[in-house]
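Every read-out reported here was derived from the displayed coordinates using simple, explicitly stated rules and does not represent laboratory data. Just so we're clear, the structure is a prediction, and the values are computed from it rather than from any experiment. A quick note on method: Cβ atoms are made from the backbone with ideal geometry, for glycine too, and the neighbour counts reach across all protein chains shown.
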Amino acid sequence: MWLTRLAGRAYRAALWRLAHGAWREFQRAGRVTADTPAGRAFAAFGRGSIFAFPAGSVFGEAWIAVGEGTLIGAFVSLSAGLVPGQDLGPEPVLRIGNRCVIGRGSHIVAHSSIDIGDDVFTGPYVYIPEHS
């Protein structure tokens with residue numbers, strides 16, 4: 001009986017290590033940087049910036065500019081425009097500056113212009129709309 005419990009405990013521990021190790025690898029592989037296809041879809045994605053995995057909903061990347069050394073947390077949603085595929089003109093409408101931190105689960109929704117300056121840190125689950 002004790003041997004069965006010990007084997008079951010060892011099996012669960014091995015599965016736990018496997019699941020958590022695999023998740024860490026997925027997080028590394030899934031993050032967005034300037035060198036990834038998702039990063040290149042943005043109007044700008046600065047050197048040293050990271051968008052953590054998994055991201056939230058992201059619409060209008062071609063009108064979103066992210067500065068250098070910025071960390072965008074997991075589950076963050078970024079939106080430029082009112083609907084996906086909308087043409088917003090030649091300039092980004094959502095700009096996040098250099099060395100910013102956008103906390104996990106936050107939402108930033110720009111219709112025509114949001115400019116988050118350099119060195120801005122938000123907490124988790126912050127909602128930044130252009131219009132209230």
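Of the residues making up the stretch 80-132, those that are touching a helix residue (DSSP H, G or I) at 6+ places or on another chain (Cβ under 6 Å) and either of a type in the set (D, E) or within 16 Å of V66 (Cα to Cα) (or both) number 3. Every condition in (1) under 12 Å from the mean Cα position of the chain (by Cα); (2) in a strand (DSSP E or B) holds for G105 except the one numbered (2).
Answer yes or no: is there a residue in the stretch 114-132 that is over 26 Å from F26 (Cβ atoms), of a type outside the set (S, T, Y), crowded, with 17+ Cβ neighbours inside 10 Å and touching a Gly at 6+ places or on another chain (Cβ under 9 Å). Scanning the stretch 114-132 turns up at least one residue that is over 26 Å from F26 (Cβ atoms), of a type outside the set (S, T, Y), crowded, with 17+ Cβ neighbours inside 10 Å and touching a Gly at 6+ places or on another chain (Cβ under 9 Å). Against the conditions (1) free of Cβ contacts under 8 Å to residues at least 40 places away in the same chain; (2) assigned to a loop (DSSP other than H, G, I, E, B); (3) touching a strand residue (DSSP E or B) at 6+ places or on another chain (Cβ under 6 Å); (4) not polar (S, T, N, Q), R95 satisfies every one except (2).
Residue count for the stretch 39-69 under the criterion of being in a helix (DSSP H, G or I) and either under 15 Å from E91 (Cβ atoms) or more than 13 Å from the chain's Cα centre (by Cα) (or both): the result is 4. Residues that are in contact with a Phe, Trp or Tyr (Cβ under 8 Å, 6 or more places away or on another chain), closer than 22 Å to P124 by Cβ and among the hydroxyl-bearing types (S, T, Y) occur at least once in the stretch 32-52.
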